[in-house]
Amino acid sequence: MTLLLVGAGSQAYREYLLRSVAKEYEVHLLAERAPLWEGPCLSGHTVVDTTDVTAMAEAVRALPYEGVMTWDDTRVVHTAELARLLGLPGSPPEAALRCRDKWATREALHGAGVPQARSELVTSLPQARAAAARVGYPLVLKPRALNASTGVAKVDEPAQLAGRFRLARGATAPGAVEVAPGDVLVEQYLDGPEISVDAAWYEGRTHPAFVARKECGFPPYFEETGHLVDAGDPLLTDPAVLDVVTAAHAAVGFTTGWTHTELRLTAEGPKVVEINARIGGDRIPDIGRLALGVDAALVAARVACGARPDVRPDRRGVAAVRFHYPRADCIAREVVIDTPALPAPVDTALAIALPGQELRLPPNGHVSSRYALVTAVGATHEECRSALDEASSAVRLEVLRTL
């Protein structure tokens, strides 16, 4: 069975997904460069402009494809368009765009009465000031269609608005072409823990796979510094959470595929932060597999090929991931991992930064400032966090110079 994959993403965060899918499918990669690390997992590839849906369709006409998928945020709309053009399973491109475009998400959810933050779309600082007066402080500024918390900042008082508005308005991301840059959302700050729900969708019905508890750092920015998945998390079956997630997907029109939905657990109940029309990032699917045995990439591939999803767990544990950051902006010389010194619960310790790479902390950099990641699995939250704490001394960044 041949599965078309649009873009492979970065090796540190997506290689394990590709390896999993390649165990069951012949994977043909559509990407804008020739394969590098992806090669051993592929049955074939085509170098093509992945924003050109017609060109991608022409490139694969002779292949015996059964489905198409992506885990690249900037290509979820193009992949949905390709699925429609080729007559393959998937959600409508319009639904993918409503997920990708955060303002379109807000409008759709507002129209359906789905709990979310109050939000206004602005293009200038005067508009932002007027919107802030209506929304109220504290508030959040975020670019209209970026990911990984790029350009997102909390604003506690009017004096902070101008500088953080310029940050949000000027933020960019490689490959983000579906929505013109420059628009900013002025949103109500939602207080409470932040979670994500990864779920398969088949013919409009949800099949929740795992819930991740998010850890953030570097305020006033929302850098995701770690995540934890507990197979016994009551939120995975919480009617209030699942009702909101289901209503949100109905509002945007997403029916078939896999999504990563982020929510805040406020005093008024769960509220939607955003819907991502792809598998979760930040190694969340990896710790989901470690905790529950659910292989998100493989399930998503099967759904993309028309199969009904099966997300039943085969284990009950706890797993977590933590990212390592430099103390200050710097150029990396080398990441050294003392493998024998890692505690037993550690599953993976991986260097991310390359020699000579600039590492800039928020707001000048975001996920690109990480130099390593560590995952651990255990029976309890405390066991995982203790292992990650202990592992920190075995993962070291050697700095060429500070910036």
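Where Rh is the Kirkwood radius over the Cα pairs of region 190-286, the temperature 37 °C and the viscosity 0.692 mPa s, what D in µm²/s does Stokes-Einstein return?
242
Between E26 and T51, take the C-beta separation as r, use R0 = 25 Å, and let me know the FRET efficiency to the nearest 0.05.
Details: r = 25 Å, r/R0 = 0.99.
That pair, E26 with T51, gives E of 0.50.
With the alpha-carbon atoms as the only input, what is the per residue convex hull volume for region 41-165 in Å³? All intermediate terms of the calculation are to be shown ahead of the outcome.
Working: hull volume 18.7 nm³, N = 125.
Convex hull volume per residue, Cα atoms: 149 Å³.
Please report, in whole Å³, the volume per residue of the convex hull around the C-alpha atoms of region 118-188. Could you put the intermediate results ahead of the total?
Numbers: hull volume 5.0 nm³, N = 71.
Per residue, the Cα convex hull of region 118-188 comes to 71 Å³.
Mind putting a number on the dipole of region 194-304 about its Cα centre? Charges go on the C-beta only, +1 for Lys and Arg and -1 for Asp and Glu, and I need it in Debye to the nearest 20. Can you show the working numbers first?
Details: 9 positive and 16 negative charges, 56 e Å.
Its charge dipole is roughly 260 debye.
Relative contact order for region 320-402 using alpha-carbon pairs under 8 Å, separation at least 6, rounded to a whole percent?
Taking the mean separation of contacting Cα pairs over the length of region 320-402, I get 45 percent.
State to the nearest 20 debye the size of the charge dipole of the chain about its Cα centre, where the only charges are +1 on K and R beta carbons and -1 on D and E beta carbons.
Working: 41 positive and 50 negative charges, 116 e Å.
Roughly 560 debye, rounded to the nearest 20.
Normalised by the residues of region 247-403, what does the relative contact order come to in percent, with Cα pairs under 8 Å and at least six apart? Mind showing how you got there, number by number?
Details: 296 pairs, mean separation 34.3, N = 157.
Result for region 247-403 is 22 percent.
Given R₀ = 25 Å, what would the calculated FRET efficiency be for T348 paired with C216, taking r from the Cβ atoms and rounding to 0.05? Show your work: numbers first, answer last.
Details: r = 22 Å, r/R0 = 0.87.
Once rounded, the FRET efficiency stands at 0.70.
To the nearest 0.05, what FRET efficiency results for A112 and A267 with a Förster distance of 30 Å applied to their C-beta separation? All intermediate terms of the calculation are to be shown ahead of the outcome.
Working: r = 22 Å, r/R0 = 0.74.
With R0 = 30 Å, the Cβ-Cβ based efficiency is 0.85.
Simple spin-label model, 7 Å along Cα-to-Cβ: Q127 to R19 in nm?
Those two pseudo-labels are separated by 4.6 nm.
Can you give the extra length, in nm with one decimal, that the chain gains between Q11 and L400 once fully stretched, where that is 0.36 nm per residue apart less the Cα-Cα distance? Could the numbers behind the result be given before it?
Values: separation 389, 0.36 × 389 = 140.04 nm, distance 2.36 nm.
Value of the extension gain: 137.7 nm.
Can you give me the Kirkwood hydrodynamic radius for region 320-402, using every pair of distinct Cα atoms, in Å to one decimal? Intermediate results must be reported in sequence, preceding the final value.
Details: mean 1/r = 0.0770 Å⁻¹.
When all Cα pairs of region 320-402 are included, the Kirkwood radius is 13.0 Å.
Please give the contour-minus-distance gain from W37 to R315: 0.36 nm per residue of separation, less the Cα-Cα distance, rounded to one decimal in nm. Could you put the intermediate results ahead of the total?
Values: separation 278, 0.36 × 278 = 100.08 nm, distance 3.07 nm.
Full extension from W37 to R315 adds 97.0 nm.
Suppose a student asked you for the relative contact order of the chain, using Cα pairs under 8 Å spaced at least 6 residues apart; what percent would you report?
Numbers: 959 pairs, mean separation 57.4, N = 403.
Relative contact order for the chain comes out at 14 percent.
Stokes-Einstein diffusion coefficient for the chain at 10 °C in a medium of 1.306 mPa s, Rh from the Kirkwood formula over Cα pairs: what value in µm²/s?
Numbers: Rh = 21.7 Å.
In µm²/s, the coefficient is 73.
Using the eigenvalues of the Cα gyration tensor, what equivalent ellipsoid semi-axes result for region 2-88 when each is taken as the square root of five times the eigenvalue, whole Å, largest first?
Values: eigenvalues 69, 38, 28 Å².
Values for region 2-88, descending: 19, 14, 12 Å.
If you consider only alpha-carbon coordinates, what radius of gyration and Dmax does region 183-244 have, in Å?
Calculated on Cα positions, Rg and Dmax stand at 14.1, 40 Å.
Based on DSSP, what percent of beta bridges with both residues in the chain are antiparallel, to the nearest 5? Please report the intermediate quantities before stating the final value.
Working: 68 of 82 bridges.
Of all bridge pairs located within the chain, approximately 85 percent are antiparallel.
Rounded to whole Hz and in sequence order, give me ³J(HN,Hα) for region 37-47 from the Karplus expression 6.51 cos²θ - 1.76 cosθ + 1.60, θ = phi - 60°, writing x for Gly and Pro.
Karplus values, whole Hz, x for Gly and Pro: 5, 6, x, x, 9, 10, 8, x, 7, 9, 7.
Identify, among G378, T172, L3, the residue whose Cα sits farthest towards the positive end of the charge dipole of the chain, taking +1 on the Cβ of Lys and Arg and -1 on the Cβ of Asp and Glu, with the dipole about the Cα centre.
Among G378, T172, L3, the one farthest towards the positive end of the dipole of the chain is T172.
A short reminder: the numbers here are calculations on the coordinates, not readings from a lab. Here the structure is a predicted model, which means the values were calculated and not measured. Glycine also receives a Cβ, built like all others from the backbone with ideal geometry; neighbour counts cover every protein chain displayed.
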